[in-house]
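One structure is given below, encoded as structure tokens.
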Amino acid sequence: MSEQTDHFVRDDVRAFLDFLESAGRPPMSELSLEEARAGMHASVHIAELPAKDMAVKRDLSCPGPAGDIPLRLYDARESREAGPVMVFFHGGGFVIGDLDTHDALCSELSASLDIPVVSVDYRLAPEHPFPAAPDDAEAAARWVASNPTELNRKTTGLVLCGDSAGGNLTIVTAQSLADEPADVPVLVQAPIYPLADDIAGHQSFQDFSEGYLLTRDAMSFFTRSYAPTEGDVRNWPILRQAHDLPPAVLCTAGLDPLRDSGRNYAAHLIQAGVDVTYMEFPGIIHGFANLRKAIASGQSDLAAFTHAIAAMLERHAK
């Protein structure tokens, strides 16, 4: 693919991109909503590793602003002492994705970090446009922080994590819980290739919005569906001051149109004096955390990310 020649692309990434090109997938804007959502399920089935076996894997729900929010609890241990719990928000442009598309990733995070993970099935656009997703994300995080009996686990603090759109929700929820604290503190915010600001003028958007999985067409489709309020901090969280936010572990992908958005948010935190571990993985694309069968090198990147979260938790242990 000629547009890739100016940038370092790992061999397994190039093979996956060549496979996608040969498959001739129609652009997102030409798909029905059902087809777009089914397509993400299909891609995960083909390209993602199987979920790890968990001692506990249970579907549950919590109250939300518009009804119950489906959740899924993961834990590598049947029982454990009091400790942090991760609240995870899946990616998919606020339009596609669910508990099942991120099942393997959540099991990996729980096993790698040895903490419980609660995955949140927030409402999706266009049926539920902005701010339904951040409203649900905040409600779920507050519920986990309240030590509900349904978890059968004592929560001492939250690790907020999510990929892409879920990375945006990670940041937005951390900000909401800084404005109005939950019953336990947010210990770490850990967004994976997040959307944090207006990407239209970013160099990474110019360089990688065609031919690197996440396309300009798909991003436009997601934005139209999500219909965020212009200038709202819960859409572009970089607009909020950052001095009171929790420590962050943030990773980006070198070939991602959202790369510079993550870079900018990391710099925003660092300039405000927040403890930040920023990791940029070269030669890999947006979505690699859900493509670890097709892009095997992404597994070591994800491992580095989880190790950094563990180190941050240890550094800030009370």
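The values are calculated or read from the model by the stated rules, or taken from the named source; none is laboratory data. Bear in mind that the values here come from a model prediction, so they are computed numbers and not experimental data. Neighbour counts are summed over all protein chains in view; Cβ atoms, including those assigned to glycine, are modelled from backbone coordinates with ideal geometry.
Couple of notes before you dig in:
- Condition check for Gly231: at pLDDT below 95 and at positive phi: yes
- Residue count, region 55-74 (criterion: more than 11 Å from Tyr122 (Cβ to Cβ), loosely packed, with under 14 Cβ neighbours inside 10 Å and in contact (Cβ under 8 Å) with a residue 40 or more places away in the chain): 2
- Just one of the listed residues (Gly211, Gly166, Gly157) is of a type outside the set (S, T, N, Q) and buried (at least 24 other Cβ atoms within 10 Å of the Cβ), namely Gly166.
- Checking each residue in region 211-236 for being part of a helix (DSSP H, G or I) and among the aliphatic types (A, V, I, L, M) picks out Ala218, Met219.
- Among the residues examined, Ala140 qualifies as within 19 Å of Lys57 (Cα to Cα) and touching a residue at least 40 places away in the same chain (Cβ under 8 Å).
- Counting only helices (runs of 4 or more DSSP H) wholly contained in region 93-186, the ones carrying 3 or more residues that are of a type in the set (S, T, N, Q) occupy 103-113, 165-179.
- Only one of Ala165, Ala200, Ala196 that is under 20 Å from Gly254 (Cα atoms) and free of Cβ contacts under 8 Å to residues at least 24 places away in the same chain: Ala200
- Every test in (1) among the β-branched types (Val, Ile, Thr); (2) over 26 Å from Ala308 (Cβ atoms); (3) touching a residue at least 60 places away in the same chain (Cβ under 8 Å) is passed by Thr149 save one, and that test is (3).
- Residue count for region 201-210, restricted to those that are part of a helix (DSSP H, G or I) and among the acidic types (Asp, Glu): 1.
- In the set Asn168, Asn147, Asn152, only one residue is within 17 Å of the chain's Cα centre (by Cα) and polar (S, T, N, Q); that residue is Asn168.
- Selection within region 91-104 - buried (at least 24 other Cβ atoms within 10 Å of the Cβ) and under 14 Å from Leu291 (Cβ atoms): Gly91, Gly97, His102
- Which numbered condition Leu245 fails, given (1) touching a residue at least 24 places away in the same chain (Cβ under 8 Å); (2) part of a helix (DSSP H, G or I); (3) surrounded by fewer than 24 Cβ atoms within 10 Å (Cβ to Cβ): (2)
- Failed criterion for Ser43 (all others in (1) of a type in the set (S, T, N, Q); (2) farther than 30 Å from Gly211 by Cβ; (3) in contact (Cβ under 8 Å) with a residue 40 or more places away in the chain; (4) surrounded by 15 or more Cβ atoms within 10 Å (Cβ to Cβ) hold): (2)
- Tabulated pairs, region 296-318, first under 23 Å from Leu17 (Cα atoms), second part of a helix (DSSP H, G or I) and of a type in the set (Val, Ile, Thr), C-beta under 9 angstrom, 6+ apart or interchain: Ser297/Val13; Gly298/Val13
- Selection count where residues are over 22 Å from Tyr193 (Cβ atoms) and not hydrophobic (A, V, I, L, M, F, W, C), scope region 73-110: 8
- The residues of region 1-29 that are modelled with pLDDT of 95 or more, of a type in the set (Asp, Glu) and either over 23 Å from the mean Cα position of the chain (by Cα) or under 12 Å from Leu213 (Cα atoms) (or both), listed by number, are Asp11, Asp18.
- Complete set of residues in region 75-90 that are part of a loop (DSSP other than H, G, I, E, B) and crowded, with 24+ Cβ neighbours inside 10 Å: His90
- Qualifying residue in region 46-60 (condition: on the phi < 0 side of the Ramachandran plot and in a helix (DSSP H, G or I)): yes
- Boolean, Asp198 is modelled with pLDDT of 95 or more, among the charged types (D, E, K, R) and either closer than 17 Å to Tyr226 by Cα or outside any loop (DSSP other than H, G, I, E, B) (or both): yes
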